[in-house]
Amino acid sequence: MFAALVLAALFTQEGELELLRAEDVRVREAAELRLAESLDPAFLPTLRGLIAGECDLEVKGRLSGVAAAVSTRQADRLLSQGHLDEALRFLTGDAAEPDVDEVIHRLKQNVEAEIRTWFPEPPGICDCPRDIHDCAQEIRDRFGPWGAAVLIDLLGREEKDIPAACILAEMDDDIIPCLVRALQQGNAKLRREACSVLYELVAVHHKSLEDRDGLVAALRELAADPVADPDTRFRSQWLLDQGKGAP
């Protein structure tokens with residue numbers, strides 16, 4: 001039954017792809033829109049193969065538009081779950097390309113270098129020549145998930161020049177899944193810093209962590225970790241006591 005459904009979906013997608021060659025431009029545009037909204041991301045490798053072999057420039061352009069829309073849709077889904085690096089693979093282009101990780105690393109370096117120019121001198125605790133809230137919004141507007149990925153990476157490093165924690169605490173709610181994922185899977189420093197940012201988001205900015213898979217377990221583990229510093233254990237326990245991550 002499942003195989004039959006897969007084949008039916010495949011034939012439907014192929015039929016929509018053929019409509020991109022229809023004589024009526026309205027039919028072509030409608031097919032492109034339907035594909036952009038519904039094409040399974042698993043079909044992307046096949047789609048990119050079609051793009052590479054397509055000679056008709058208009059069809060090639062429409063196929064490329066569909067590929068970009070589907071990649072963005074999949075990246076948005078991954079971002080909503082906190083999977084930053086996986087989302088960046090789709091935003092980079094072909095997530096299956098062998099050098100995609102190197103491309104992501106290079107793009108992250110470029111974004112970090114740009115942000116670093118905003119802070120010519122090491123700031124104090126949340127003390128810098130730029131307004132932190134405006135800085136957070138500019139990073140979001142200019143770099144999107146690339147900026148968020150760079151800031152999360154900086155949390156896990158011994159970084160003194162860029163106040164990543166302060167900036168992340170001023171970002172919109174869609175950064176929360178990424179911080180939760182960092183709390184669950186990061187190194188010791190990243191988990192500590194992610195907990196600190198989550199604490200500020202809840203205690204100071206009155207955000208809600210809602211029900212997120214694995215959050216309670218991660219907070220309990222951190223609150224009971226004898227190696228963790230007292231502040232981190234306190235913040236973890238406070239978040240648990242507030243019931244902000246409880247299922």
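The values are calculated or read from the model by the stated rules, or taken from the named source; none is laboratory data. Quick caveat: nothing in here was measured; it's all calculated off a predicted structure. FYI the Cβ positions are ideal-geometry reconstructions off the backbone, even for glycines, and counts take in every protein chain you see.
Across the range 175-217, the number of residues qualifying as under 20 Å from the mean Cα position of the chain (by Cα) and among the aliphatic types (A, V, I, L, M) comes to 13. Filtering the range 176-196 to residues that are of a type outside the set (Lys, Arg), surrounded by fewer than 22 Cβ atoms within 10 Å (Cβ to Cβ) and farther than 22 Å from residue 77 by Cα leaves 187, 188, 190, 196.
Scanning the range 47-57 for residues that are exposed (fewer than 15 other Cβ atoms within 10 Å of the Cβ) and out of contact with any Lys or Arg (no Cβ under 8 Å at 6 or more places or on another chain) yields 49, 52, 53, 55, 57. Against the conditions (1) modelled with pLDDT of 90 or more; (2) within 24 Å of residue 184 (Cβ to Cβ); (3) small (Gly, Ala, Ser), residue 67 satisfies every one except (2). Checking each residue in the range 28-46 for being assigned to a helix (DSSP H, G or I) and hydrophobic (A, V, I, L, M, F, W, C) picks out 30, 31, 33, 35, 36, 42, 43, 44. Just one of the listed residues (161, 173) is touching a Lys or Arg at 6+ places or on another chain (Cβ under 7 Å), of a type in the set (D, E, K, R), surrounded by 15 or more Cβ atoms within 10 Å (Cβ to Cβ) and on the phi < 0 side of the Ramachandran plot, namely 161. Checking 30, 68, 42 one by one, the residue that is over 26 Å from the mean Cα position of the chain (by Cα) and free of Cβ contacts under 8 Å to residues at least 40 places away in the same chain is 30 and no other.
Per-residue answers, yes or no, for (1) at negative phi; (2) at pLDDT below 90; (3) in contact with a His (Cβ under 8 Å, 6 or more places away or on another chain); (4) of a type in the set (S, T, N, Q):
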site: 5; (1), (2), (3), (4): yes, yes, no, no
site: 10; (1), (2), (3), (4): yes, yes, no, no
site: 13; (1), (2), (3), (4): yes, yes, no, yes
site: 17; (1), (2), (3), (4): yes, yes, no, no
site: 27; (1), (2), (3), (4): yes, yes, no, no
site: 30; (1), (2), (3), (4): yes, yes, no, no
site: 61; (1), (2), (3), (4): yes, no, no, no
site: 73; (1), (2), (3), (4): yes, no, no, no
site: 76; (1), (2), (3), (4): yes, no, no, no
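Looking across the range 145-198, the residues that are in a loop (DSSP other than H, G, I, E, B) and free of Cβ contacts under 8 Å to residues at least 40 places away in the same chain come down to 156, 157, 158, 159, 160, 169, 170, 171, 172, 186, 187.
Of all residues in the range 83-97, none satisfies being in a helix (DSSP H, G or I) and surrounded by fewer than 15 Cβ atoms within 10 Å (Cβ to Cβ). So in the range 25-42, with the set limited to residues that are farther than 30 Å from residue 176 by Cα and not charged (D, E, K, R), which one is surrounded by the most Cβ atoms within 10 Å (Cβ to Cβ)? So, considering only residues that are farther than 30 Å from residue 176 by Cα and not charged (D, E, K, R), the one surrounded by the most Cβ atoms within 10 Å (Cβ to Cβ) is 35. Answer yes or no as to whether residue 204 is of a type outside the set (Lys, Arg) and in contact (Cβ under 8 Å) with a residue 40 or more places away in the chain. Considered against the rule, which asks whether it is of a type outside the set (Lys, Arg) and in contact (Cβ under 8 Å) with a residue 40 or more places away in the chain, residue 204 comes out as no.
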